[in-house]
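The structure appears right after this line, and notes come after that.
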Amino acid sequence: MTIRLILADDHAVVREGLIALLQRERDIEVMAQARNGMELLQLARTLKPDVVVTDIGMPIMNGLEAIRRLSSEALPCKLLCLSVSDRPQEVMAALDAGAAGYVLKDNSFDELARGIRRVMANQIYLSGELIGSVMHACRSPAAVREVIKLPQLTPRERQIAQLFAEGHSTQAIAKRLFLSAKTVASHREHLFKKLDIHSIAELTRYALREGLSSAELLATSENMLK
């Protein structure tokens, strides 16, 4: 059986390198590639792949939000994260969102190919070095308390939180999302109240913690705020 796959990553070199390797596998067919979560959603809805492999930290819509939406739409595809982050909170967030696997970019290509085949076989797959830390985090009362107290954001709120965390201005977000600046400002104030935070810097830290933005974007945004 051939595994039909879509790959999403915002770095062209990474995508092209992985596609070249995946095309050597006799049982894997790369149907399409995406540069961000929005492109991934559109392609997955149209092509209906067997497996989606996605990075987490992408612009416009991150991989975690794309996973949530694909899961909520009950599309017939398995979801596998490919990320640089080994933080157990991010791994757990990906699994909670609907991912069936999580592979680190530091791993070999063989690990990724194994993960693809395992999730296709209806198994949960984690890179070996993640298993211990994720199990420990699951057993931690502090981690459980943190998950319980975190408020749930709507897809629009998560999208706006990500864009603010990436350093976009109110006007730029309004233009991108076809909203008025007043509406975006209203969403921002509602986010502040809902999350009990008081600045874009705090919102940026929240976005990083929740997998809405990458550490690189956090550093960029905080430098802009100085």
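Taken together, the values in this text are just the output of simple stated rules run on the coordinates, not laboratory data. It should be emphasised that the depicted structure is a prediction, and the values quoted were computed from it without experimental measurement. Cβ: placed from backbone, ideal geometry, glycine included. Neighbour counts: every protein chain shown.
Under 19 Å between alpha carbons, and skipping anything fewer than 8 positions from Lys182 in its own chain: which aspartates and glutamates qualify?
By straight Cα distance, Lys182 reaches Glu157.
May I ask you to compute the full-extension gain from Ala74 to Leu177, defined as 0.36 nm times their residue separation minus their alpha-carbon distance, rounded to one decimal in nm?
My answer for the length gained is 34.6 nm.
At 7 Å along the Cα-to-beta-carbon direction for both Arg156 and Arg24, put a label point, then send me their distance in nm to one decimal.
Taking the simple label geometry, Arg156 and Arg24 are separated by 4.8 nm.
So which aspartates and glutamates pass the test for Lys78, namely a Cα distance under 12 Å, with those fewer than 8 places away in the same chain ruled out?
Asp50
Full extension from Lys193 to Leu47: what is 0.36 nm times the residue separation minus their Cα-Cα distance, to one decimal in nm?
Using 0.36 nm per residue and subtracting the Cα-Cα distance, I get 48.6 nm.
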